[in-house]
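The values are calculated or read from the model by the stated rules, or taken from the named source; none is laboratory data. In this text, all values refer to a predicted model and were calculated from it rather than measured experimentally. Here the Cβ positions follow ideal geometry from the backbone for every residue, glycine too, while neighbour counts run over all protein chains shown.
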């Protein structure tokens, strides 16, 4: 965490809170360990890997150009997600290797049944916040 009055930490920008269960998808050698450690510190637990099968509050999805079909990956990310859970699609910033056009996320989210609500600046990465529409989440229990 940062000293009071300093800029918000990565976890604060992502809204990560103590005791939230966070799953990480798409890890690779280029993934930013400072972001990962900050999220672990804020949540108080380790990031779950792709093989975890518990319900999660937040999915941290590292995504780069060339990683495949984003809609398919988002569908995978939704499966363990709590009804009020959040998917953060974390992509390299413009000009960085693997940069993803914002339109790809904007077009993929609704196809996967998600809604993009905001974004967060994470150093060399940008994170797009995706949620399940409230009516859809509520309808799953009927």
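Identify the single condition in (1) in contact (Cβ under 8 Å) with a residue 60 or more places away in the chain; (2) surrounded by fewer than 13 Cβ atoms within 10 Å (Cβ to Cβ); (3) outside any loop (DSSP other than H, G, I, E, B) that residue 97 does not satisfy, given that it satisfies every other one. Here residue 97 meets the rest and fails (3). Being part of a strand (DSSP E or B), closer than 19 Å to residue 39 by Cα, free of Cβ contacts under 8 Å to residues at least 24 places away in the same chain and under 12 Å from the mean Cα position of the chain (by Cα), is that true of even one residue in the stretch 114-127? Looking for residues that are part of a strand (DSSP E or B), closer than 19 Å to residue 39 by Cα, free of Cβ contacts under 8 Å to residues at least 24 places away in the same chain and under 12 Å from the mean Cα position of the chain (by Cα), one finds at least one in the stretch 114-127, hence yes. Cβ-Cβ distances below 8 Å connect the following pairs, each with a first residue in the stretch 35-57 that is on the phi > 0 side of the Ramachandran plot and surrounded by fewer than 17 Cβ atoms within 10 Å (Cβ to Cβ), a second residue that is in a loop (DSSP other than H, G, I, E, B) and modelled with pLDDT of 95 or more, and a separation of six or more residues or different chains: 44/18; 44/19.
Determine, yes or no, whether residue 133 is touching a strand residue (DSSP E or B) at 6+ places or on another chain (Cβ under 9 Å), at pLDDT 95 or above, exposed (fewer than 14 other Cβ atoms within 10 Å of the Cβ) and farther than 24 Å from residue 7 by Cα. Full working, then the answer.
Details: touching a strand residue (DSSP E or B) at 6+ places or on another chain (Cβ under 9 Å): yes; at pLDDT 95 or above: no; exposed (fewer than 14 other Cβ atoms within 10 Å of the Cβ): yes; farther than 24 Å from residue 7 by Cα: yes.
For residue 133, the condition - touching a strand residue (DSSP E or B) at 6+ places or on another chain (Cβ under 9 Å), at pLDDT 95 or above, exposed (fewer than 14 other Cβ atoms within 10 Å of the Cβ) and farther than 24 Å from residue 7 by Cα - is not met.
Residues are listed down the side, and each one gets a yes or a no for (1) part of a loop (DSSP other than H, G, I, E, B); (2) within 28 Å of residue 111 (Cα to Cα); (3) under 12 Å from the mean Cα position of the chain (by Cα); (4) modelled with pLDDT of 95 or more:
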| site | (1), (2), (3), (4) |
| --- | --- |
| 4 | yes, no, no, no |
| 12 | no, no, no, yes |
| 37 | no, no, no, yes |
| 51 | yes, yes, no, no |
| 59 | no, yes, yes, yes |
| 67 | yes, yes, no, yes |
| 77 | no, yes, yes, yes |
